[in-house]
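Before we start, here is the structure in question, set down as structure tokens.
The values are calculated or read from the model by the stated rules, or taken from the named source; none is laboratory data. All values derive from a computational prediction rather than experimental measurement. Please note: Cβ atoms are built from the backbone with ideal geometry, for glycine as well, and neighbour counts cover all protein chains shown. To get the accessible areas, we keep the full protein, side chains included, count just its heavy atoms, and leave off ligands, DNA and RNA. Shrake-Rupley method; radii C 1.70, N 1.55, O 1.52, S 1.80 Å.
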Protein chains: 2
Amino acid sequence: MLYTSPALETLIERLSRLPTIGRKTAQRLALYLLKQPREDVAALATSIGTLQERVRTCSICANITELDPCPICRDSRRDRNVICVVEEPNDVLVIERTNEFKGLYHVLGGSLSPLEGVGPEDLKVRELLMRLRADDETSVKEIILAMDPNVEGEATTLYLAKLLSPLVDRVTRIARGIPIGSDLEYADDATLARALEGRTIV
Amino acid sequence: MLYTSPALETLIERLSRLPTIGRKTAQRLALYLLKQPREDVAALATSIGTLQERVRTCSICANITELDPCPICRDSRRDRNVICVVEEPNDVLVIERTNEFKGLYHVLGGSLSPLEGVGPEDLKVRELLMRLRADDETSVKEIILAMDPNVEGEATTLYLAKLLSPLVDRVTRIARGIPIGSDLEYADDATLARALEGRTIV
């Protein structure tokens with residue numbers, strides 16, 4: 001694309017490297033930014049530029065934070081008897097949004113994937129074991145495994161269940177079944193099988 | 001969302017104001033940026049921050065450029081007999097990509113929309129008339145109108161056709177019809193009607 005501005009071209013190219021953003025969306029975003037008030041664009045640029053300086057990883061739960069330990073780990077109102085293990089920081093946001101969970105978290109940083117060469121030593125598994133053994137965490141009674149419902153998540157769930165069962169009273173996993181608001185007719189076989197298997201008394 | 005980093009939260013909020021980016025995509029983008037090499041993120045921030053300083057509008061065709069006049073207007077190899085009128089700078093990129101058009105452009109900056117209070121004086125219509133009257137542009141033989149195929153685009157096309165017809169030999173519009181690669185069965189009635197109306201001899 002010879003005939004446009006190199007500055008614009010560079011921005012489009014950099015935006016289109018981001019996930020979910022193709023060349024066309026990148027073009028649209030860049031042209032949109034061009035028309036916005038100068039201070040809004042500067043604020044976005046600063047937000048992006050200072051993100052990594054300000055954000056770090058909690059030394060206890062490995063979640064994203066600006067303070068260490070993170071606000072969840074230091075909050076005395078949270079239930080210290082339960083730790084919910086998730087794959088990514090995003091999963092913490094998603095679970096927090098439900099307002100259903102008042103315990104602590106542990107972010108693994110991924111899931112076991114032999115094909116991609118990701119083993120337990122690449123995840124925060126050792127850190128989780130250390131939390132369970134540490135003095136102030138001996139109160140942990142339950143570990144909830146909330147992995148993504150795919151092959152890697154399943155492998156991680158089974159691995160952790162085996163590893164953690166001797167150390168805590170209960171190791172549980174979140175329910176798999178028909179999503180709320182969907183249609184039974186369109187549920188896939190695997191989901192429906194899990195839903196039947198996990199049926200509860202009404 | 002109390003429990004995440006304010007820097008991250010601010011970035012997510014600012015990203016989600018962009019077109020086509022909702023809250024979930026903004027979260028995903030922010031968390032992606034967090035994991036990228038520091039220099040890549042800094043480069044993106046700089047690209048966004050310096051965009052408006054570097055990019056301006058061509059004083060002849062109103063297209064986006066860093067040099068004034070823009071590279072298309074100053075290119076002696078372009079055909080000065082034809083001007084293609086488009087709504088937005090993005091349309092120039094799209095037409096340039098086809099490599100089919102070797103004339104000049106004129107970017108209106110929008111389309112006529114009485115409902116939104118956009119009249120001819122809000123678009124670069126006066127500038128287009130001045131181009132046609134200027135000495136070095138008297139060579140213009142054809143104006144191609146390439147507006148978006150919607151109500152506003154149609155109104156703009158009819159308005160400009162009436163205004164420009166006395167000034168140039170030919171005022172044309174780009175063809176409306178069945179898009180290449182699509183299925184006749186799924187074409188809407190209006191498109192199909194235009195396609196029949198605009199039929200050509202094989």
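Is it the case, given these coordinates, that residue B:95 is touching a His at 6+ places or on another chain (Cβ under 9 Å) and β-branched (Val, Ile, Thr)? Step through it out loud before you land on a result.
Numbers: touching a His at 6+ places or on another chain (Cβ under 9 Å): no; β-branched (Val, Ile, Thr): yes.
In short, no.
So residue B:80 fits all but one of (1) touching a residue at least 12 places away in the same chain (Cβ under 8 Å); (2) in a helix (DSSP H, G or I); (3) more than 7 Å from chain A (Cβ to nearest Cβ); what number is the exception?
(2)
Let me ask you something else. Answer yes if at least one residue in region B:100-110 is more than 12 Å from chain A (Cβ to nearest Cβ), of a type in the set (Val, Ile, Thr) and within 20 Å of the chain's Cα centre (by Cα), and no otherwise.
No, region B:100-110 contains no residue that is more than 12 Å from chain A (Cβ to nearest Cβ), of a type in the set (Val, Ile, Thr) and within 20 Å of the chain's Cα centre (by Cα).
Where in region B:1-73 are there helices (runs of 4 or more DSSP H), lying fully within it, with 2 or more residues that are surrounded by fewer than 15 Cβ atoms within 10 Å (Cβ to Cβ) and among the acidic types (Asp, Glu)?
Of the helices (runs of 4 or more DSSP H) lying wholly inside region B:1-73, those with at least 2 residues that are surrounded by fewer than 15 Cβ atoms within 10 Å (Cβ to Cβ) and among the acidic types (Asp, Glu) span B:38-54.
Filter the helices (runs of 4 or more DSSP H) completely within region A:103-202 down to those with at least 1 residues that are over 30 Å from residue B:35 (Cα atoms).
Output list reads A:151-164, A:189-197.
Hey, any hits in region A:157-172 for a residue that's acidic (Asp, Glu) and modelled with pLDDT under 85? Before the answer, list the steps.
Pass one, region A:157-172, residues acidic (Asp, Glu): A:169.
Filter again for modelled with pLDDT under 85, leaving none.
Scanning region A:157-172 turns up no residue that is acidic (Asp, Glu) and modelled with pLDDT under 85.
How about region B:176-202: which of its residues are open to solvent by 70 Å² or more (accessible area, probe 1.4 Å), β-branched (Val, Ile, Thr) and more than 19 Å from residue B:91 (Cβ to Cβ)? Break it down stepwise before answering.
So the first thing to find is which residues in region B:176-202 are open to solvent by 70 Å² or more (accessible area, probe 1.4 Å), and the list is B:176, B:179-181, B:183-186, B:188-189, B:194, B:196-197, B:199-202.
Imposing the further condition that a residue be β-branched (Val, Ile, Thr) reduces the set to B:180, B:200-202.
Matches in region B:176-202: B:200, B:201, B:202.
Among the numbered criteria (1) in contact with a helix residue (DSSP H, G or I) (Cβ under 7 Å, 6 or more places away or on another chain); (2) more than 10 Å from chain A (Cβ to nearest Cβ); (3) on the phi < 0 side of the Ramachandran plot, which single criterion is violated by residue B:30?
For residue B:30, the failing item is (2).
Give the residues of region A:83-99 that are more than 11 Å from chain B (Cβ to nearest Cβ) and either buried (at least 16 other Cβ atoms within 10 Å of the Cβ) or touching a residue at least 24 places away in the same chain (Cβ under 8 Å) (or both), sorted by residue number.
Passing the criteria: A:83, A:84, A:85, A:86, A:87.
Name the residue that is farthest from residue A:194 (Cα to Cα), counting only residues in region A:133-175 that are over 21 Å from the mean Cα position of the chain (by Cα) and open to solvent by less than 30 Å² (accessible area, probe 1.4 Å).
Step by step, filter region A:133-175, then rank; the result is A:137.
While we're looking at this one, here's another question. Report, ordered by the first and then the second residue, all pairs with beta carbons closer than 6 Å, sequence separation of six or more or different chains, a first member in region B:49-72 that is at the interface with chain A (Cβ under 7 Å from one of its Cβ atoms) and without any contact (Cβ under 8 Å) to a residue 24 or more places away in the chain, and a second member that is of a type in the set (D, E, K, R) and part of a loop (DSSP other than H, G, I, E, B).
Correct list of pairs: B:54/B:66.
Condition check: out of contact with any Pro (no Cβ under 9 Å at 6 or more places or on another chain) and on the phi < 0 side of the Ramachandran plot. Does residue B:112 satisfy that?
Answer is no for this residue.
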